[in-house]
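Peer 1: My questions all concern the structure below.
The values are calculated or read from the model by the stated rules, or taken from the named source; none is laboratory data. A quick note: this is a predicted structure, and the numbers were derived from the prediction, not measured. When we count neighbours, we look across all protein chains shown, and the Cβ atoms used for this are built from the backbone with ideal geometry, even at glycine.
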Amino acid sequence: MRIRTVVATVGTAVVGGAIAATVTAGPAAAFRPIINDARNGIVVGVGLDHGETVAVANSPIPALLDQAFPNTQYWMDPASQLPQDDEYVYADLPAVFTETARDPQGQIAFAVVNPAMYEGHNSIIVQDLG
């Protein structure tokens with residue numbers, strides 16, 4: 001139980017860092033926080049516009065999130081070129097951020113979720129390539 005508390009604390013700190021990084025992205029930032037949406041099983045999350053997605057993709061945040069949340073569920077855009085099948089995305093989080101940042105309208109949403117509502121996953125990534 002103690003290790004779960006540590007992972008949850010580290011994960012929350014990483015998400016907080018991601019939120020802080022996007023908040024400082026500029027005055028016109030379209031930062032969209034999601035906090036305690038129990039109906040949808042979301043503990044905390046953030047939606048990033050394209051500029052914020054590019055900024056985060058060019059930082060260590062995707063690699064940190066990949067380490068803090070190894071059981072992430074990916075909801076990929078149908079236009080994604082990353083290798084995947086019906087069950088699995090064969091790419092890490094930095095690769096998903098990079099592909100999304102390269103698309104002129106690419107956006108990412110990330111959320112820490114209730115594993116009981118997401119088939120045991122502790123976080124989700126939603127990719128939108130416009």
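Peer 1: Confirm whether D103 is over 12 Å from the mean Cα position of the chain (by Cα) and at pLDDT below 95.
Peer 2: For D103, the condition - over 12 Å from the mean Cα position of the chain (by Cα) and at pLDDT below 95 - is not met.
Peer 1: Given A91, A20, which one is at pLDDT below 80 and more than 12 Å from the chain's Cα centre (by Cα)?
Peer 2: A20 is the lone residue from the list that is at pLDDT below 80 and more than 12 Å from the chain's Cα centre (by Cα).
Peer 1: Moving on to the next point. How many residues does segment 31-67 contain that are crowded, with 19+ Cβ neighbours inside 10 Å, of a type in the set (S, T, N, Q) and closer than 13 Å to S123 by Cα?
Peer 2: The number of residues fulfilling the criteria is 0.
Peer 1: On to the next question. Out of the residues in segment 90-130 meeting the condition of being of a type in the set (G, A, S) and surrounded by fewer than 17 Cβ atoms within 10 Å (Cβ to Cβ), tell me which one is farthest from P78 (Cα to Cα).
Peer 2: Once the filter is applied, the top-ranked residue is A116.
Peer 1: Do any residues in segment 53-80 that are in contact (Cβ under 8 Å) with a residue 40 or more places away in the chain have Cβ atoms under 9 Å from those of residues that are surrounded by fewer than 13 Cβ atoms within 10 Å (Cβ to Cβ) and hydroxyl-bearing (S, T, Y), where the two are at least six apart or on different chains, and which pairs are they?
Peer 2: These pairs meet every condition: Y74/Y88.
Peer 1: Moving on to the next point. Could you go through segment 74-88 and let me know if any residue there is surrounded by 13 or more Cβ atoms within 10 Å (Cβ to Cβ) and charged (D, E, K, R).
Peer 2: Yes, the conditions are met somewhere in segment 74-88.
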